[in-house]
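The values are calculated or read from the model by the stated rules, or taken from the named source; none is laboratory data. Everything numeric in this text was worked out from a predicted model, so none of it was measured. With ideal geometry, Cβ positions are generated from the backbone for all residues, glycine too; neighbour counts draw on all protein chains shown. All accessible areas refer to the heavy atoms of the entire protein, side chains included, with ligands and DNA or RNA removed. Shrake-Rupley method; radii C 1.70, N 1.55, O 1.52, S 1.80 Å.
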Amino acid sequence: MASNDTAEGVAPTRSEKAPVDDQDEITRIKAMDRVIQGAKTATEKEQKMTLLQGFRLYPKAVAWSMLISTCIVMEGYDICLINNFYAFPQFKQKYGEQLPNGKWEVTAPWQAGLSNGANVGELIGLIINGWVSERFGYRWTVIVCLMLINCWTALFFTAQNVETLLAAEILCGIPWGVFQTLTITYASEVCPVAMRGYLTTYVNFCWGLGQLIGIGVIMSMLGRDDEWAYRIPYALQWMWPLPLAIGVFFAPESPWWLVRTGKLEKAKAALLRLTSRNRETDFDPDETVDMMVHTTALEEKTTTGASYWDCFKGTDLRRTEIVCMVWAIQNLSGNSFSGYSTYFLTQAGLDSNSAYGFALGQYGINMFGVVGSWFLMSRGIGRRSLYLYGLCGLFLMLLILGFLGLVPESHRREGSIATGSIMLGWALTYQLTVGTVCYSLVGEISTRRLQIKTVALGRILYIIVGIVCSVLTPYMLNPGAWNWRNFAGFFWAGMCFLCIIYVYFRVPEPSGRSFAELDLLFQKKIRARDFATTKIDVFGENIDGDFMSKYHKHAEIKGLDKAGNL
């Protein structure tokens, strides 16, 4: 087998390089060679696999990934509720203060506190998830978080004052922060290369679905004039956790996590539960485990540890930087400004029902954008290309929004309608590209050993930037503050242009690459623009025995006898 491998272009194995007298050492080296050969075969099969073949081979993985990603629906639903309850008279009278003119309002400080309370909790959840999920596994982490959601929802439902609402937002934010990273990681680890972009971006679809359900529930409550107008929407949060927890209990654990923890036979069993019997691709679970073992060994060679601090060492620093910036660019490209489309339409004279209906349509467009991005990816357009060209489109529309500020006051209604319409186009372009593709990029660029922590750090920066943008934007638009109105489009266009420059020089193309290939490309410090064209051989890399010795038993079980013969 060694001579055949050399003929195929694989670097000579250690057993060929030097004679070894010790029989145990010979057995160990042959075991390592067997794992490497299996990894090479599995990688070649994955990279040749078409999208349709992937769905035929991994239909169960698709179902389980979609189930776990559905946890994000709850976050989108609740965030939609709190931001829209400020207009409910019953909600304002219960949790607000009476103004001198006799009206009830939730004061600005408490609005800011409630809106950002979930962000505070999510920051805590993101940090905790970095070590909890790696220690206890993805399934049990999700199940415990779902049970916590059940508990904290009771605070929403029974809250007698605004302080209790704030506590509920913070406490619920903790499991939501866990879901934000864990769902992406699970999706990227249970599917082959051909399907990674679709299952990771489905997370964004779930976010939009939660918002769509939330705005629909709110519209159905507009006719009520009692406290149940806001209590029923909160109570509906109980419909999610228990069914999801039952489903997750029966879901297979991530085989990549099982390999990282040395549970190789359980990893093989998980793979069999994720796949169907399909002879078209000649799938072999042992070879796929070999690929995971080989990739993990490569990462152990270049990554000394698995702590948050290790995300800022060596080649992982570059990967952490890219993941963080890819997340932050979602807000820096004008996302907070685009959320004010209903504000401009209200200025044009639309009533509240029409404004909520417009928001419903905008959330629907967001979901359509995710499906549209899947179509674009199926046409062979890479993640880097979609992200870069999408930013260019957003930049042009933000410039148009700025120039609409030059419309005379006598045509203010027409200008406001034009602004709202451009923002709809902005939202569609955003979801087709930047808003959706981001989830795929962060799931692929980070190393397997540090993925949970890297994605968590990226999401933390996203939240921090989002808080800053959410504070600045009202000042830009408020007539009593800076009163920039449409001219704020010029500011965000400038920020978007800087994002375009960053993406061009720093964000690589991960499409079609195995995790091991991405590891090696970063290790060799290949320029982002050259990722797609650089040819590498990950199986020609020498992996020290210290990194592979722990997998010796796995290779023996697969076919090595005690004499070391294959």
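Listed conditions (1) of a type outside the set (Asp, Glu); (2) in contact with a Pro (Cβ under 6 Å, 6 or more places away or on another chain); (3) closer than 30 Å to Thr288 by Cα are all met by Leu81, apart from (3). Whether any residue in the range 253-273 is aromatic (Phe, Trp, Tyr), closer than 22 Å to Met147 by Cβ and surrounded by 16 or more Cβ atoms within 10 Å (Cβ to Cβ) is what I want to check. Yes: the range 253-273 contains one or more residues that are aromatic (Phe, Trp, Tyr), closer than 22 Å to Met147 by Cβ and surrounded by 16 or more Cβ atoms within 10 Å (Cβ to Cβ).
Somewhere in the range 450-461, is a residue open to solvent by less than 10 Å² (accessible area, probe 1.4 Å), closer than 22 Å to Ser307 by Cβ, part of a loop (DSSP other than H, G, I, E, B) and hydrophobic (A, V, I, L, M, F, W, C)? Steps first, please.
Taking the range 450-461 first, the residues open to solvent by less than 10 Å² (accessible area, probe 1.4 Å) are 450-452, 454-456, 458.
Applying the additional criterion that residues be closer than 22 Å to Ser307 by Cβ yields 450-452, 454-456, 458.
Subsequent filtering for residues that are part of a loop (DSSP other than H, G, I, E, B) retains 450.
Going one step further and asking which of them are hydrophobic (A, V, I, L, M, F, W, C), we end up with 450.
Yes, the range 450-461 contains a residue that is open to solvent by less than 10 Å² (accessible area, probe 1.4 Å), closer than 22 Å to Ser307 by Cβ, part of a loop (DSSP other than H, G, I, E, B) and hydrophobic (A, V, I, L, M, F, W, C).
Among the residues making up the range 74-95, those that are more than 25 Å from the chain's Cα centre (by Cα) and open to solvent by less than 20 Å² (accessible area, probe 1.4 Å) are Phe85, Phe88, Phe91, Tyr95.
Among all positions in the range 136-146, there is no residue which is more than 26 Å from Leu274 (Cα to Cα), hydrophobic (A, V, I, L, M, F, W, C) and either in contact with a Cys (Cβ under 6 Å, 6 or more places away or on another chain) or in contact (Cβ under 8 Å) with a residue 60 or more places away in the chain (or both). Here the range 92-135 is the region considered, the condition is being without any contact (Cβ under 8 Å) to a residue 60 or more places away in the chain and of a type in the set (Lys, Arg), and the residue that is nearest to Asp310 (Cα to Cα) is Arg135.
Just one of the listed residues (Ile149, Ile184, Ile174) is in contact with a Pro (Cβ under 6 Å, 6 or more places away or on another chain) and either in contact (Cβ under 8 Å) with a residue 40 or more places away in the chain or not hydrophobic (A, V, I, L, M, F, W, C) (or both), namely Ile149.
Looking only at the range 206-218, decide whether some residue is touching a Ser or Thr at 6+ places or on another chain (Cβ under 8 Å) and of a type outside the set (Val, Ile, Thr).
Step one: of the range 206-218, the residues touching a Ser or Thr at 6+ places or on another chain (Cβ under 8 Å) are 206.
Okay, now just the ones that are also of a type outside the set (Val, Ile, Thr), so 206.
For the range 206-218, residues touching a Ser or Thr at 6+ places or on another chain (Cβ under 8 Å) and of a type outside the set (Val, Ile, Thr): present.
When you scan the range 465-504, how many residues do you find that are open to solvent by less than 40 Å² (accessible area, probe 1.4 Å), out of contact with any helix residue (DSSP H, G or I) (no Cβ under 7 Å at 6 or more places or on another chain) and closer than 26 Å to Trp110 by Cβ? Summing the residues that are open to solvent by less than 40 Å² (accessible area, probe 1.4 Å), out of contact with any helix residue (DSSP H, G or I) (no Cβ under 7 Å at 6 or more places or on another chain) and closer than 26 Å to Trp110 by Cβ in the range 465-504 gives 0. A single member of Gly197, Gly216 is buried (at least 24 other Cβ atoms within 10 Å of the Cβ) and among the small types (Gly, Ala, Ser), and it is Gly197. One residue alone among Leu428, Leu398, Leu388, Leu424 is touching a Phe, Trp or Tyr at 6+ places or on another chain (Cβ under 7 Å), open to solvent by 10 Å² or more (accessible area, probe 1.4 Å), part of a helix (DSSP H, G or I) and within 30 Å of Ile184 (Cα to Cα), and that residue is Leu388.
When residues of the range 230-252 are filtered for being among the aliphatic types (A, V, I, L, M) and crowded, with 20+ Cβ neighbours inside 10 Å, how many remain?
Narrowing the range 230-252 to residues among the aliphatic types (A, V, I, L, M): 232, 235-236, 239, 242, 244-246, 248, 251.
Narrowing the set further to residues that are crowded, with 20+ Cβ neighbours inside 10 Å leaves 244, 248, 251.
The qualifying residues number 3.
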